[in-house]
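Notes follow the structure.
Read-outs: derived from the displayed coordinates by stated rules, not from any lab. All of these numbers come straight from a predicted model, not from anything done at the bench. Backbone-built Cβ (ideal geometry, glycine too); neighbour counts: all protein chains shown.
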Amino acid sequence: MNLDSLRAFVAVAEEGQFRYAADRLRLSQQAVSKRIAALECSLGVTLFDRVPTGATLTAAGRAFLPHAHAVLIAARHAVESVQHEARPLRVDILGSRVLPGVLMVDFHQRNPDVALKTLVLRGLAASLPALQSGEIDATFAYHPDPLPPGVESTVAYLEPHEVIVGAGHPLANRTAVPVGELRRYTFWIPGIVDGSEWGAFYQELSAEFGLTIDSAGPNFGFEDLIGTIAESKSVITFWGERTREVGPWPRGVRRLRVVDPTPVYPWSLIWLSSNRHPDLGTLIEHVRRQPQPDVDDLWLPRRLRGSVPDQRADGL
């Protein structure tokens, strides 16, 4: 069985779109489609239903996925068994522009001798199985539920949420806004995946403060989102304090602090307690030394309240 076709299948299954899978594999979308077609032909089944929002697994695809994972893991272990040089530390960062990507850039600059490989697995549903199978050494995420036995975590960063508005929005001349005042506006946050940890975060946040969050529409990336907000006089969006901006923003776009209280996204670094990679400890200590934001009145999801004294604690 062709391993490249299996990698393409797993990537599309985890990403939900051929475009994202192609980015992850550093291939063209056409090349990924050809590999999936070849795999479906060899198996004699259809693995994906092509839908307007991307690709969803068929019943045959769902049955095949764990076995495809097992084959790729076995192949990797076979290679590692005869390679005596140290392998890179493999870390899932969710996205290059969100906080984990920013932290890993800083880690690499401070530890240039650590061989490092970053991956984008897009959420705990993909990263936890990869962690437990040994495909990755660590991942960054918010975990709304307790972690499985043998999986550990430490606070990475309690990231304040800001609000982005266009020049014509009523809030455009403000520098800060109380969270209670935001209930009169609609937040557009495309790309909230059902069952995802960020979906759980926004669901609890919106329920507590009566916020209206619209997640409809395709997610074409940060630039498209900011461009839409820039032209709107009513729609706004949330923005992580340390999310990286790339390129010049549209004229008039404003970032506002959210106060009374400030919602924070509780990022954790997560790893397997049995993992013995020699550089994992260096990463854990680097993350634990990160300064936390200076926020007097923060909002955390209910499960975490009282577990973060002085905005710092292990085991989020």
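Only Lys, Arg, Asp and Glu carry charge here, each on its Cβ (+1 for the first two, -1 for the last two); on that basis the chain has a dipole of about 540 debye about its Cα centre.
The trypsin sites (Lys or Arg not before Pro) of the stretch 191-285 that DSSP puts in a loop, and whose beta carbon has at most 12 other beta carbons within 10 Å, are K233, R251, R276.
Screening the chain for whole DSSP H helices with an alpha carbon extent of at least 15 angstrom along the helix axis and a mean Kyte-Doolittle hydropathy of at least -0.5 yields 3-15, 29-43, 59-82, 99-110, 197-209.
Based on alpha-carbon centroids, what's the gap between the stretch 185-261 and the stretch 1-30 in Å, whole number please? That distance is 28 Å. Which one of G240, T53, Y265 is farthest out on the positive end of the charge dipole of the chain, using unit charges on Cβ (Lys, Arg +1; Asp, Glu -1) and the Cα centre as origin? It is T53. Taking every alpha-carbon pair under 8 Å whose residues sit at least 6 apart, the chain reaches a relative contact order of 21 percent. Each Lys or Arg adds one and each Asp or Glu subtracts one; over the other residues with Cβ under 15 Å from the Cβ of W299, this totals -4. Candidate values (1) 147; (2) 122; (3) 170 were compared with volume of the Cα convex hull per residue in Å³ computed on the shown model; the agreeing label is (1).
What is the stretch 122-176 by shape, rounded, prolate or oblate, if you read a ≥ b ≥ c off the alpha carbon gyration tensor as root eigenvalues and call it rounded for a/c under 1.5, prolate for a/b larger than b/c, and oblate otherwise? Judged from the Cα gyration tensor, the stretch 122-176 comes out prolate (a/c at least 1.5, a/b above b/c). The trypsin sites (Lys or Arg not before Pro) found in the stretch 1-82 that occupy coil by DSSP, while having at most 13 further C-beta atoms within 10 Å, are R26. Given 37 °C and 0.692 mPa s, how large is the Stokes-Einstein diffusion coefficient of the stretch 173-294 in µm²/s, with Rh as the Kirkwood radius over Cα pairs? Translational diffusion coefficient: 194 µm²/s.
Net charge in the neighbourhood of P261 (other residues with Cβ under 9 Å of its Cβ; Lys, Arg +1, Asp, Glu -1) is -3. What's the longest bit of the chain with no exposed GluC sites (Glu not before Pro), using DSSP loop states and at most 16 other Cβ atoms within 10 Å as the test? Longest run free of exposed loop sites: 86-244. Taken about its Cα centre, the stretch 160-263 carries a charge dipole of roughly 480 debye when the Cβ of each Lys and Arg holds +1 and the Cβ of each Asp and Glu holds -1.
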